[in-house]
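Some notes on the structure that comes next.
The values are calculated or read from the model by the stated rules, or taken from the named source; none is laboratory data. All of these numbers come straight from a predicted model, not from anything done at the bench. Positions of Cβ are generated from backbone atoms using ideal geometry, with glycine treated the same way; all protein chains shown enter the neighbour counts.
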Amino acid sequence: MVPNYNCNGYCDANHDATHCEVNESAAVIVGALLLSPTGGAAGGTGTDTPEQLLERYNEQAKTSDPAFEGFSAERGHAFYSQKHALMGVGAVSCASCHRKDPREQVRAHKVEILCRACHVINDEEHPEPNEAKLRYIEPFAPHANPEPFSDYTHVEKFFKVNCTMVLKRECTPQEKGDLIAWLLTVEGEALYPAGRGTGPVRALEE
């Protein structure tokens, strides 16, 4: 089935919406960090914890900036919410795909998210292009879903792709650490769509 779009490059919650032409180079996924072979995790071995990642980024931040004094959850929240211009789409942020509340599980066409969060046209747009077509995004916050930040190599891979696309540069160690520091302050269980019970969408769909 041809996906539905509204004219600013966002998926429309109404399946009967009129299909609009979207600039193929524009509506890139902002928060692809979640999409993976496990249906929402960063993939990999799962041997790391967010706290261990913070330790690594702390060392990197001190090396790159001698004036670095520690991560800030407040800066991380601002980073997550900050909008950046994308040609043909407008202003987007991490929350454009992962929602204002990063505990939410997203199902395409049920909420308004960037179309390219689920429909990858050029494989180089995403580290795991096949997985980006699963049409769902698991919760981002570690307390709601521990997998997205469970493997340093995969976390770095997804940061590199998405930061380069959205910010037009790689994220700094401080930005990465600030983001994780804020996500760790978001407590509570995952929020699943009404009527779907609990658990990953893949398990519910199979």
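At a glance:
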{"item": "Scope region 60-76; condition assigned to a helix (DSSP H, G or I) and crowded, with 18+ Cβ neighbours inside 10 Å; matching residues", "result": "ALA61, GLY76"}
{"item": "Residues located in region 84-94, provided they are surrounded by fewer than 19 Cβ atoms within 10 Å (Cβ to Cβ) and more than 20 Å from GLN174 (Cβ to Cβ)", "result": "ALA85, MET87, GLY88, GLY90, ALA91"}
{"item": "Failed condition for GLY40, given (1) modelled with pLDDT under 95; (2) more than 24 Å from VAL106 (Cβ to Cβ)", "result": "(2)"}
